[in-house]
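Report on the following structure.
The values are calculated or read from the model by the stated rules, or taken from the named source; none is laboratory data. Keep in mind that what you see is a predicted model, and the values were worked out from it rather than measured. Ideal geometry is used to build each Cβ from the backbone, glycine not excepted, and the neighbour counts take in all protein chains shown.
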Amino acid sequence: MAQPWPHPKTGVFWFRRGVPADLRDAVGKREELRSLGTKDPAEARVRYAKISAEVEARWASLRAGVRLLTEAEAHALAREAHDTWLRWHADEPSEQNVWLPNLYDQVWTRSEYDREQGPRASVSADEFIVLNMRRFCLRQADNCLEHHGLIVDDDSRFKLARAIGAAFQRASKTLASLAEGELVPDQVPTLNATVRATPLYSNFTTSLTQSAVGSKSGFADVTMTGLLADWWREAKALDRKPSTYESYSNTVKGFVAFLKHDSASRITPQDVIAYKDHRLTTPSPRSGKVVSAKTVKDTDLVALKSLFGWAVANHKLPTNPAKDITLKLGKKRQTRLKGFTETEAIAILTACSTYVAGNRENTRTSAAKRWVPWLCAFTGARVGEIAQLRAEDVRIEGADWIIRITPDAGTVKTNQAREVVLHPQLVEMGFPTFAQRAARGHLFLTPGNDGDVLGPLTGLKNRLTEFVRSIVPDPRVQPNHGWRHRFSTMCRDAEINERVYNAIQGHAVKSVADQYGDVTLKAISAAIHKIPPIKTEKV
């Protein structure tokens, strides 16, 4: 999984991405490398997602080849010139260069532009000033095009340079009014010392073609990556799970690359529908397979609806373009039970009990293949909840050994901790002894240097999937989730109370009545002891 890279000496996170082979000549390098300017893992992921979307949009523009800019797009791209000039001179508006207020007033026709591209034998002092002003704008236009990976024809370059001249003139006139003591509310961006210190000829930082529609309707222009970052700051404070952010981030990244721009205010319902159709028909570059309709509905459309809905509620956008767009899923054909059969369960657990690690396999991965399927079989827990268990999450209480499944260890779907009594067969097999002998911390995975668990957990789950698939290749049963279905079946066969086994598995309550009273360890212990042991094959 692409993620921020911590510098081994400074600890500051960086964005690193290899440039695709077909774009290396156009980009002029083999790797995109930028500092994220933070040591905080959560903030680094937000900044990484924003830069990643910008890079993907720029690469998509390069692949698109020569395109034409409309005048509206040229002026939208030039907005950063306006805002940057204001930021630089907001404190001392009278110190701006005096020639800028007249920049756009100079007659600049296409014929003059063509003439200035050719050789000039000699010019007067006044012509020299005008030429320098125009060349200044052309240089900024070239920087802007390079930043966005835009390849345009000569007419579009001229439009953009002229629009940048207009943007500088508007900003300069605003500053001139400020210098005279006039109040110009809501027109001067917040001063940013870092931006103000940036050389004027550096690349622009806005995303491709910010729409002018937003400002006309009273809403500021916003980007998709900006919305994602703003939403996550609030969601993180409300304890939303990092996995949700990762999912939304992947959707935004794909959506921006598909649209070839990052402007949220330009997006229409037709864009969302087009992306939905694209996802339903285009194979993934990684797997070579088209994602399922359920994934598009429950992942992509949910993410877009949530982000746009949040933007509307927070007065960042006037409407939600993803509202009411959905997929009507037909009932999926089911030609077998969702849980593992007795034969399949025995085959998997026998392989776990006799597993021999490879020479170069990580010891924690080997331990996961030995114990995680067994623990899932007798708890009905999600594989990720078991795979992130720590040594300190295993303890004895009275006559029972207990595991604690908690969001403190990583991620839990309900975001609520719960305790489960271990089945006697697991105790006899020696799992508590294994946990006691292990060092404190995670039993089956190694967190990243920044403490990140989500990335290593995803990798471990994939390895467990491959392991189980090598034993039970039937694609109609999920290699990890099949244990949850089987556990529910075993509980029904043992006539265990539904609310008790739902609590053991961490299912959300179904009614208000279920929220009253607790499912105690005593009740859980009684339920677990009703489940018969699993007899594996002798090898």
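Considering the range 291-329 alone, what residues qualify as being over 26 Å from R382 (Cα atoms), of a type in the set (A, V, I, L, M) and outside any loop (DSSP other than H, G, I, E, B)? Explain how you work it out, then say what you get.
In the first step, residues of the range 291-329 are kept if they are over 26 Å from R382 (Cα atoms); the result is 304-305, 307-328.
Okay, now just the ones that are also of a type in the set (A, V, I, L, M), so 304, 307, 311-313, 317, 322, 325, 327.
Answer for the range 291-329, where residues must be over 26 Å from R382 (Cα atoms), of a type in the set (A, V, I, L, M) and outside any loop (DSSP other than H, G, I, E, B): L304, L307, A311, V312, A313.
Among the residues of the range 110-165, how many are assigned to a helix (DSSP H, G or I) and at pLDDT 70 or above? Lay out the reasoning, then the answer.
Initial filter on the range 110-165 (assigned to a helix (DSSP H, G or I)): 110-117, 125-148, 154-165.
Now drop any that are not at pLDDT 70 or above, which leaves 133-148, 154-165.
The total comes to 28.
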The range 460-488: number of residues that are within 20 Å of E385 (Cα to Cα) and touching a residue at least 40 places away in the same chain (Cβ under 8 Å): 17
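Does T414 satisfy the condition of being closer than 23 Å to R390 by Cα, in contact (Cβ under 8 Å) with a residue 60 or more places away in the chain and either crowded, with 17+ Cβ neighbours inside 10 Å or under 31 Å from the mean Cα position of the chain (by Cα) (or both)? Even if it seems obvious, please write down each step before you answer.
Values: closer than 23 Å to R390 by Cα: yes; in contact (Cβ under 8 Å) with a residue 60 or more places away in the chain: yes; either crowded, with 17+ Cβ neighbours inside 10 Å or under 31 Å from the mean Cα position of the chain (by Cα) (or both): yes.
The answer is yes for T414.
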- request: Check off (1) under 30 Å from P269 (Cα atoms); (2) part of a helix (DSSP H, G or I); (3) out of contact with any Phe, Trp or Tyr (no Cβ under 9 Å at 6 or more places or on another chain) for K332 and give me the number that stays unchecked.
  value: (2)
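Take D450 and decide whether it is in the same structural domain as V356 (by TED's automatic domain parsing), among the acidic types (D, E) and under 30 Å from T10 (Cβ atoms).
Details: in the same structural domain as V356 (by TED's automatic domain parsing): yes; among the acidic types (D, E): yes; under 30 Å from T10 (Cβ atoms): yes.
It is true that D450 is in the same structural domain as V356 (by TED's automatic domain parsing), among the acidic types (D, E) and under 30 Å from T10 (Cβ atoms).
Out of all the residues in the range 351-370, is one or more part of a helix (DSSP H, G or I), more than 19 Å from K461 (Cα to Cα) and assigned by TED's automatic domain parsing to the domain that holds G459? Walk me through it before giving the result.
Going residue by residue through the range 351-370, those that are part of a helix (DSSP H, G or I) are 351-353, 363-370.
Okay, now just the ones that are also more than 19 Å from K461 (Cα to Cα), so none.
There is no residue in the range 351-370 that is part of a helix (DSSP H, G or I), more than 19 Å from K461 (Cα to Cα) and assigned by TED's automatic domain parsing to the domain that holds G459.
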- prompt: Within the range 41-76, can you find the residues that are assigned to a loop (DSSP other than H, G, I, E, B) and surrounded by 14 or more Cβ atoms within 10 Å (Cβ to Cβ)?
  reply: L69
message: Considering only residues that are touching a helix residue (DSSP H, G or I) at 6+ places or on another chain (Cβ under 7 Å) and farther than 26 Å from A409 by Cβ, which ones fall in the range 227-255?
response: L227, L228, A229, T251, V252, K253, F255
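Quick one: how many residues across the range 383-411 are within 19 Å of V500 (Cβ to Cβ) and surrounded by 22 or more Cβ atoms within 10 Å (Cβ to Cβ)? Outline the logic, then answer.
First, pick out the residues of the range 383-411 that are within 19 Å of V500 (Cβ to Cβ): 385, 397-405.
Retained after the next criterion (residues that are surrounded by 22 or more Cβ atoms within 10 Å (Cβ to Cβ)): 385, 403, 405.
Qualifying residue count for the region: 3.
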field: In the range 245-266, the residues that are aliphatic (A, V, I, L, M) and crowded, with 21+ Cβ neighbours inside 10 Å
entry: V252, V256, A264
task: Confirm whether Y248 is among the aromatic types (F, W, Y), modelled with pLDDT of 80 or more and on the phi < 0 side of the Ramachandran plot.
output: yes
field: The one condition in (1) touching a strand residue (DSSP E or B) at 6+ places or on another chain (Cβ under 7 Å); (2) at pLDDT 85 or above that G37 fails to fulfil
entry: (1)
